[in-house]
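Okay, structure first, notes after.
Read the figures in this text as sums done on the coordinates, not as results from a lab. What you are looking at is a predicted structure, and each value in this text was computed from that prediction instead of being measured. For neighbour counting, all protein chains shown are included, and Cβ atoms are generated from backbone atoms with ideal geometry for every residue, glycine included.
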Amino acid sequence: MTSVLRHHRYGRALGAGVLSVALLSGGTAGAYAATSPSPKASASMGMMPTKKPMPTRTATMKPKPMPTRSTTKKTTPKNAAASTMVGSITVSADHKTVRHGQSVTFAGHVKGVKAGTTLVLQHRMNGKWTTLRTTTVVNRNGNFSIRRAFTAKGNETVRVVTRDGKVMSSPVSVKVS
């Protein structure tokens with residue numbers, strides 16, 4: 001019973017609000033239309049200024065159609081994602097679990113990245129990617145390897161990124177015990 005009354009109250013309040021807005025906007029438009037424009041008569045012609053009624057706002061402005069889903073949805077061709085990518089990096093770890101202090105080698109291949117480009121290793125810390133001081137360069141075949149020792153126990157999530165940050169690999173997890 002309480003929820004039925006609540007819905008009716010909200011419906012009545014909504015209706016009253018809509019009616020109030022309609023009445024106020026009608027009064028505002030009427031007051032806006034009743035104001036007189038500044039006289040534009042030329043004094044050299046000796047004419048008396050005449051008062052012309054100011055057009056109402058709704059008469060001068062055409063209503064804009066509301067956007068529909070089809071007009072607001074951004075359409076992208078199927079191969080648009082491939083055309084916007086600069087390159088790609090694939091990486092894998094030689095060990096999925098290691099002891100603390102033991103090193104892990106991350107090896108991979110790049111596409112669309114020039115040979116000699118510097119790659120850095122990043123790890124996820126407190127929800128943000130932090131760059132580590134471990135770097136390598138891409139060889140002429142597009143391959144690379146990075147060796148890193150982890151001292152903190154737990155799961156380490158790392159990725160390989162170009163130094164400029166434009167191309168990055170998918171994350172790889174390593175469990176450190």
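Over the range 86-176, calculate the relative contact order: mean separation of alpha carbon pairs under 8 Å at least 6 apart, over the residue count, as a percent.
RCO, the range 86-176: 36 percent.
Sort Thr118, Thr162 so that the residue with the fewest other Cβ atoms within 10 Å of its own Cβ comes first and the one with the most comes last. Show your work: numbers first, answer last.
Details: Thr118 13, Thr162 20.
Placing the least packed residue first, the sequence is Thr118, Thr162.
Whole number please: convex hull volume per residue of the Cα set in the range 86-176, in Å³? Display every interim value, and only then the final one.
Details: hull volume 7.4 nm³, N = 91.
Hull volume normalised by residue count: 81 Å³.
Give, as a single signed number, the net charge of other residues whose beta carbon lies under 15 Å from the beta carbon of Ile146, with Lys and Arg counted +1 and Asp and Glu -1.
Residues close to Ile146 contribute a combined charge of +3.
Assuming a strict under-18 Å limit between Cα atoms, what lysine pair count do you get for the range 86-176 once near-sequence pairs (fewer than 8 apart, same chain) are dropped? Please report the intermediate quantities before stating the final value.
Working: Lys96/Lys153; Lys96/Lys175; Lys111/Lys166; Lys114/Lys166; Lys128/Lys166; Lys153/Lys175.
Going through the range 86-176 pair by pair, I get 6.
Determine, for Thr136, Thr157, the number of other Cβ atoms within 10 Å of each Cβ, and report the residues in order from fewest to most. It would help to have the intermediate numbers written out before the result.
Working: Thr136 18, Thr157 13.
Ordered by Cβ neighbours within 10 Å, fewest first: Thr157, Thr136.
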